[in-house]
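Below is one structure, written out as structure tokens; the observations come after it.
Readers should treat all values here as calculations from the given coordinates under stated rules, not as data from a laboratory. Note that the coordinates shown come from a computational prediction; the quantities given were computed from them, not determined experimentally. Note: ideal-geometry Cβ built from the backbone for every residue, glycine included; neighbour counts use all protein chains shown.
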Amino acid sequence: MPTIAITGKGGTGKTTFASLLVKHLSAENATVLAVDADPNSNLDVRLGMHVERTIGDLREDLLKEQFPAGVAKSELIEYQIRLALVEGDTFDLIAMGRPEGPGCYCYINNVLRDVLDRLSVNYDYVVIDNEAGMEHLSRRTTRDVDVLFIMSDVTVLGIVTASRIKKLSEGLNLVVGRTYLVLNEVENAIPESIKDQIQQQELDLIGAIPKDALIGEYALEGKSLFELPGESAAFKAVSAIAEHSITL
């Protein structure tokens, strides 16, 4: 059950990449659990779904709740998590929500991690749309990561930021199998200055996603990226990246 995480600074196309990756894996008849772990993300909209309840909401409620006698906390938490799971035709989605506020969440976080781990084994792939700070990964509320994709725009600053994110993931003592750089919205060829910067920062470039007018049109109209036609340049590029980096 490979776990795939996508991260990068804001505006680099993390959610778009995550959505197209879920679309690709679903087209390969794989069962996929999509995890929206970025509080500012709209993965549900991009996937054509609607999230009503997040793990963050659940955590807050559980901290206040008086558990009835004879009911195990872990059983109640697992039941609530399954209620938060949004089921689709070819994949399921769960949203982590915002980080917790003041209070002791140690027990609840531990149970959440265990329950999510048990839930994850029911899928061929887990795809996590994560924030740049990788808050949920650092809290170990998900399994270790098999493949980490770091998104960047085609700028020197973007490459430097991607390098910093990679170092951050290493500093969190996460178990990451492979880490790849993905360039987004590339027009024509990648400039030599960017290639040089990638080499200097010791990043492993797995692929580039071309600028695709259809992505902007779908975002403007609020349409699901699952409706993108197969000839979409962005979708073809994400599929090629997946085929070169993820065992199907």
Burial ordering of V35, V176, fewest other beta-carbon atoms within 10 Å first: V176, V35
Centre separation in Å (Cα based) which lies between the stretch 25-54 and the stretch 186-224: 22 Å
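Taking the mean number of other Cβ atoms within 10 Å as a proxy for protection, how do you rank 148-158, 230-240 from highest to lowest? Write down the numbers at each step before the final one.
Details: 148-158: 21.0, 230-240: 17.7.
Going from most to least packed, we get 148-158, 230-240.
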Cβ-based exposure ranking for V175, V127, in which fewest neighbours within 10 Å come first: V175, V127
Fewest-first ranking of D204, D146, using other Cβ atoms within 10 Å as the exposure measure: D204, D146
Placed amide H near V127: partners under 5 Å, 5+ positions off or other chain: I4, L33, A34, V35
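In nm, what is the difference between 0.36 nm times the number of residues separating D89 and V121 and their Cα-Cα distance? Before the final figure, lay out each step's value.
Values: separation 32, 0.36 × 32 = 11.52 nm, distance 1.83 nm.
Here the segment from D89 to V121 would lengthen by 9.7 nm.
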